[in-house]
Structure formats: C-alpha cells, structure tokens
Amino acid sequence: MTAEDASDADRTPSDRADVCVVGAGPAGALVAHRLAERGRDVVVLEAGPRFEFENREERMERAIRPAHDELTVWDMGGERDRYTSSGEWYYPLNHARVKGVGGSTLHWQGMVMRHHRSDFDRRTQDGVAADWPIDYEDLRPYYGSAETEMGVAGASDNPFAPPREEPYPLPAFEPSYSDSLFAEACERLGVTMHTVPNARNSEGYDDRSACVGYGTCKPVCPSGAKYSADVHVEKAEAEGARVIDRAPVQRLVTDESGERVEAAVYATPDGVEHRQEAREVVLACGGVEIPRLLLLSESSAHPDGLANSSGAVGRYFMEHLFAGAGGVLDRETRQNHVGFLTSESHQFYDDPGQSTSGTDGGVPASDADLGPIKLEFLNYAGPSPVEMALHSDDWGDELLAQLRDSYGTHVAMGGLVGQLPRKENRITLDRSRTDDHGNPVPDIQWSIDARTRRTIERANEIQRSVLEELGATDVSVIGPDRTGPAYHHMGTTRMGTDPTESVVNPNLRTHDVRNLSIASSSVFVTSGAVNPTLTIAALALKCADHVDERL
Amino acid sequence: MELTRRDALAALSGAGIVVGGTASALRRNPISFEEQSTSLPSGEEVMETLVAVADLVYPSAISNVREFVVGYAGTRMAERAAYRSGVRDAVADLDSYTAVHFDAERFAGLDASDRSVLLDQLGVRTADPSPEGTITQRVRYYLVNELLYALYASPTGGELVGIENPQGHPGGPTSYRQGPPE
Ligand SMILES: Cc1cc2nc3c(=O)[nH]c(=O)nc-3n(C[C@H](O)[C@H](O)[C@H](O)COP(=O)(O)OP(=O)(O)OC[C@H]3O[C@@H](n4cnc5c(N)ncnc54)[C@H](O)[C@@H]3O)c2cc1C
Ligand code: SF4
C-alpha cells in the first residue's frame, strides 16, 4: 500500500489568502482551524499526503508483522526524507516524525501534560540554560483550550502539576492492574503515583470512538480514539480553509525590503512550482524542517537564512531522553492489553534529588545538580505474544510453550529527562546531499551534556529502588549509554525578547520578518521533562490570536 | 480450546476486513478465483494448503482449525486482492517444490511429518518473512505468518498464552485493569 492517491486534486495557489500555514501536524492544524473559524482565508501547504482512515488497520498490521519496515507504516523514508546525522550521537530522524495530513501525531503515543511552572524559569531556578520570556500564567488559558480541542482524558490527582481550574474534558483512564502492583511498592517507599493525561477518548468525544483496546496506539490507532491532527485539518476545512497535500514548501520569498514574506514557493507532484502569496505566514512544519526552511530561504537581505540575524536558527536543538528499568515478577502482570500509560509520577520533577520515606523505607537522596525527571509506569513491558510468534523459529506446541514462558510476568518503568539547550546541538544544511527536489538535506548534530547524563542516572536509581521493592528479578536498565531520543524536536528557533539572541518574540513572530510566525516546539527555550505537544498546541492557539490581531 | 467463528471474525476485524460485522459476514466456503488458470491452484486447493500448514504451526490444544481457516483466510482472500494473488502464487511455488523434491503432486497431499521436513528443508522456520521475497520468504509470509497472525491476534489464541485481548485485537478498554483469573 503506497500513499493514498489524490493526484487529480487542485493544487494551484489561492488568489487571495489572509494566512498561509506551512505543515498540517497539530500546530498547523490548530492555527488553521482557529483562524478559519474567525473568517480568515487560510491555505495550508502540507509536504506529505492525505492518508485514508480506512487503511489504518492495514497500517496497524504492518506495524505488528515483521517483513514491513517500521518506516513503511506511514510511508516515511526515501529521497523525500533524506537527512544526515553528523553529530557525536546518531539521530534517527525518520523514526521521529511523520509527513502527511495529521503530521507526527499519526504515530505518536498521545501523552499530553502541561509544562511545570519551573520549566519557564530554569535559569532563575537552577542557574542553568535560560528563562522563557513568557510564563505558565501566559499559557494557562491556552492549555485549557488545547485540552478541550484534543479531548484529553485526565484527573486532577497530580499534586505536582501546575494549577488548573477546569476539569479535563474526559474522565481519566483507570489505572491498570500492573499499576496496582506498583502502587503497593510505591506506598512502602513514599513515591506518589497519579493518572496520566491522555489525548485519547475514554468515552466517545467529538464524533470519535472511545478506545477499544487495539493496543497499537504507537504507531497507529485504527479506531481513531487516539487524537491525531487530521481531526483539526478536517475541522479547518469545514470552516473554509484550503489544505493542499503533497505540496512541500521549497523556500519563502520576501519583498525588496526583506521585512515581509511575499510568498511561499511550493512544489506539486506534477513537477511544477507555485507561489502562494499571503498577508501572514505561519511555519508549523516541525522542529527540524522549520529551521531548514529558513536556512533554505537565504537571500541578499537575509544572507545567513531568513529571520536569522541572531544566528540562532537551527541552534539549541533539544530532545527528551528515555530512562528505563524493567524486570520480571513471580506473578502475572497483564501487560500489552493496551498501548498507552495510565500512571506516572511527577514527584521528582521539581525536586529530583529528594529522598522519600514511606511505610517501609524510601528512595535515597542525591545532592547532585540535576534536571527535572518524569517517571512512567508502563503497561506494555516485555514481549507481545503475537509479535513473538511471528518472529519465532518454533511452531505448534513448542511455539505455544515458548510464548507462555516469555509472556506474562514483565514489569517496567520508563521516564523522560530533558536535555539542556546547547549551541553546538544544531540543525544545519548538508550542502553535499539533496532531497527529491534538489534542496540540501538537514544535518542533525546532536549529543548530550553531563547534567542530562547525571539526571538519567538518577532516574535509574529511583526506578531500581521501586523495582527492588516490588521484588523484581532480572532487572535491566536503560541508562545514559543505552538511552535514545523520545522524538521531540525542540529549541531550534528559540523565543526571546532580545533579537540578537532569539528568533521569535513572545508573540511568536520572528524578530526580523514582520509577517512571519512560528508555531512549534522549535520556539521552546528549555525542554522540561514532559512530552511537548500540549505546549505546542497551546502555543499554536496563542500564535493564531496574535496573527488574527495583526490581520 | 476450540476456535470459533467469532475468533475468525475477531482476527478479521482487527485486520480491518470486516468492520462491525457479524458472523454472517464470514465465508463458509473457499472462494473460487474469477480467472481460472490451469497452472495456478484453485481456491479450494489454496485453502487445503493453508489448513495443512495450520496443522503444523498451530498448537495441538486447539480444534476446529479448518472452519477457522476457511472463515478467516477465505474472507481475506475475497476482500484483499494483494493477499489473494500473493497466497496463490506462494502455494503454486510450494507445490512445484513438493513435486520436485517429494513423491507427491501437492504439499497438502503429504503426511504431517513430510510436510514438516519439507518446510524445514526449505528454511521456512528461520526465514525472514517477505511478501515479495524468495519462495521461502513468501511461504513464511503468506502461509505461516498469516496463520500465526490470525491465531495469536484472536482472543482464543491470546487466551492460550494468557492474554485475552492481544495486540491487534480490539478487545475493549477494561481487560488491562483486571487481575489474573483466580
Ligand atoms: C513515536 C512518537 C511518539 C510520540 N509521543 C508523543 C507523546 O506521547 N506526547 C507528546 O506530547 N508528543 C509525542 N510525540 C511528538 C509529537 O508527535 C510532536 O511533538 C508533534 O506531532 C509536533 O507537532 P508539529 O505540528 O509541530 O509537527 P509535526 O506533527 O511533525 O507536523 C509537521 C508537518 O509539517 C510537514 N512539513 C514538513 N516540512 C514541510 C514543508 N517544507 N512544506 C510543507 N509541509 C512540511 C510535515 O510533512 C508534517 O506533516 C511523539 C512523536 C513520535 C514520533
Ligand atoms: S488502545 Fe490505543 S490503538 Fe487501541 S483503540 Fe485505544 S487508543 Fe486506539
């Protein structure tokens, strides 16, 4: 199954557009919907295709069955998606994104939480990195709207989360059976567990089905219970927005003054280039392609790339790193029924070094300089029987015995640690290689710092304490040497008030170009340790407000 | 444990073939191919081959294999053209191999131990499945893995292992909360 074909669609530019949005992931979809709702003429240009909803089960099957490369689930890879990873650590870019209507949320897991207050003042709090020019209160109303838009299932039982007034739009998913096993051990250690906000329907919401338990959320939810941004693309279209798929933007062109973008130049499958003019342009093509597109748009007025007088475009690339530990128990743990999480702990977020004490022991303190930690209790530890069966060299009764032996007693914890912004972690153009349109490909230069390593080790220490208390054996740990990225692309067009050090202002408009805004985690100043997309959605809604004001 | 028509339906709804269907959506008879061909196997022959492979790869604890396979694979062949031609070609190649190396016309005609020897000899056990690969890879993909997927993504197959809501099966949002059966 290749990408669905809509080759006869009209891909010529609109005569008159108030706003041109580049990218149809959650950021672009929300900006487009908000502005179309307010009567603005919106055109969205999306590099990838529209995927048919009906084909999702087939995509799910590809994800489960060996023989299909993971990248084929959402048709990623090939010349279109070429990249270079020349840094100290290899970065698997195409596993970390999806191109198409809905963007990377087609593949995502769907955990959505607000940044903590401290995330906005890392410099003030810890003396590292930098503060954001906005704070939690500025985003607070937008967080609420973003939760309503996405349909977040959650509960107000997280004592470490920032304050909120409104209940979540949907009730939280109840804790899993394995959560109840963890809860006993955590109580003895004084570790607090709480629910996880999920962009996933615990009940029917917004004409989408409730979760039916396919257990394959990442990389594909066949029922549509997991939120993905094609939802808001459709809503935007219903409000009159135009969405042109398979229309990768090649570069932005400014007027003579260099202070306004005149048009987005995009290519269509027939090999033709078009110009979409608009009064305002919003970049929402993700934390790697946004800096790349700015760098590709260099001109005599912007010799180092568009909106890059600060030199910060592409710099300060940040990721969240995974820290984990798992083992087996002497009893059944009921894993792999669903593909999402129902319990977390943010206890070590604002005070990662704290000791805890419970009814019988506790987690030891650490006096190291550490960043925030988010801890997760997994519902899919160990093997999935169906996947194991498809890989096995055994058949019949031997296979069944092997499956019974391997499945059933695993437990695991995960966690996220956010890395510090560093100038040398960056996206540049690799001018020696080109994509299917002859444009230089992005080069990711990536490595992690000592504080991030230490924080991963600290997360492992806490995880080990909990697993030991639980009586787990065969414990194995994913620490700083085995960690990998969580696929969150942050920091590459950072926000700030000083045009010599940042790319966009607190209203998300570029300092250098008057009608160009950015809606993305690329504007994050620091990474925090929570998954970024709720904050991306909140920023997108804020961005839409500012664009609307200017129009 | 008996494989039911509900299992076949469950495996198919997981695969998106039957949506919101009832057991009446399942095929009771092997499909007949529209274009008859003298060199390629008939619908009935493909089905016999699948049943003969299932006999090897399914555990002895389950019964009612034929009805399950006909219901599952038959419906899948009727609904999905790529599967229909892929499995038919794989069976044709498997039969040719049988004719050259064994004293029989067709794989389904061999007794159980010869079938097992043949698949081992062909390297199917350790093969990387591929829908476009060598005969070995295609036998693994269209026959062995197709059948294993149908079984272990169904509630009955899952239950044999201890998971009544296996991955790929929409078994509802409550089983993950329940503890093990007493
Ligand atoms: C496996 C995985 C799991 C994840 N889990 C979570 C999670 O649990 N919680 C969470 O908060 N986040 C998660 N994420 C991250 C989340 O998916 C992203 O943060 C989010 O999708 C970013 O939204 P976006 O709109 O900025 O970019 P994207 O969703 O990446 O969308 C960008 C769009 O722009 C298009 N585009 C790119 N270049 C161009 C161009 N030149 N012209 C036109 N269009 C272009 C792309 O094709 C794409 O469709 C996960 C990601 C992955 C890969
Ligand atoms: S378990 Fe995941 S994939 Fe299945 S319906 Fe629920 S959200 Fe979708």
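Rule-based calculations on the coordinates, nothing more; no lab input. None of these values were measured; they are calculated from a predicted model. Here the Cβ is made from the backbone with ideal geometry for all residues, glycine too, and neighbour counts use every protein chain on show.
Quick rundown of the values:
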item: Neighbour-count order for A:392, B:96, fewest beta carbons within 10 angstrom listed first; result: B:96, A:392
item: For A:391-402, mean number of other protein chain Cβ atoms within 10 Å; result: 5
item: Candidate lysines - alpha carbon under 17 Å from residue A:226, same-chain residues fewer than 8 apart omitted; result: A:218, A:235
item: With 10 Å bins from 0: P(r) over the range A:210-327, alpha-carbon pairs, percent; result: 11, 28, 29, 21, 9, 2, 0
item: Residue A:461 versus residue B:130: modelled label distance in nm, points set 7 Å from Cα along the beta carbon direction; result: 4.9 nm
item: Sequence-distant aspartates and glutamates (8 or more away, or on other chains) whose Cα lies within less than 15 Å of residue A:374; result: A:119, A:319, A:344, A:350, A:351, A:457, A:461
item: Projected-area average for the range A:119-217 over all orientations - Cα convex hull basis, square nanometres; result: 8.8 nm²
item: Calculated [θ] (222 nm, deg cm²/dmol) that DSSP helices of n ≥ 4 give over chain A, each run adding -39,500 (n - 2.57); result: -7500 deg cm²/dmol
item: Length gained when the stretch residue A:299-residue A:468 is fully extended (0.36 nm per residue, less Cα-Cα span); result: 54.9 nm
item: Those residues of the range A:122-139 whose amide nitrogen sits under 19 Å from the label point placed on residue A:38, 7 Å along Cα→Cβ; result: A:138-139
item: Neighbouring partner chain Cβ atoms per residue of A:515-523, average, 10 Å criterion; result: 0
item: For the range B:70-110: rounded, prolate or oblate by the Cα gyration tensor [a/c cutoff 1.5]; result: oblate
item: Spacing of the two label points (7 Å from each Cα toward its C-beta) at residue A:331 and residue A:507, in nm; result: 6.0 nm
item: Inter-site label distance for residue A:53 and residue A:206 at 7 Å from Cα along Cβ, in nm; result: 1.3 nm
item: Evaluated over the range A:416-467, the Cα radius of gyration and Dmax, each in Å; result: 17.4, 53
item: The range A:94-178: GluC sites (Glu not before Pro) in DSSP loop, at most 16 other beta carbons within 10 Å; result: A:165
item: DSSP-defined beta bridges in the protein assembly as shown - what % are antiparallel, rounded to 5; result: 70 percent
item: Separation between Cα centres of the range A:278-315 and the range A:482-535, rounded to whole Å; result: 13 Å
item: Projected area, mean over directions - the range A:17-550, Cα convex hull, nm²; result: 23.9 nm²
item: Ordering of A:237-250, B:168-181 by packing [mean C-beta count within 10 Å, highest first]; result: A:237-250, B:168-181
item: Counted charge near residue B:162, where neighbours are those whose Cβ lies closer than 13 Å (Asp, Glu -1; Lys, Arg +1); result: -1
item: Average partner coverage of A:446-452, which counts Cβ from other chains inside 10 Å; result: 0
item: Protection proxy ranking of A:11-17, A:338-344, A:420-426, A:524-530 - average other beta-carbon atoms within 10 Å, highest first; result: A:524-530, A:338-344, A:420-426, A:11-17
item: Highest-first arrangement of A:276-282, A:325-331, A:496-502, where packing means the average Cβ count within 10 Å; result: A:276-282, A:325-331, A:496-502
item: Extension gain (nm, one decimal) between residue A:354 and residue A:89, 0.36 nm per residue minus Cα-Cα; result: 92.3 nm
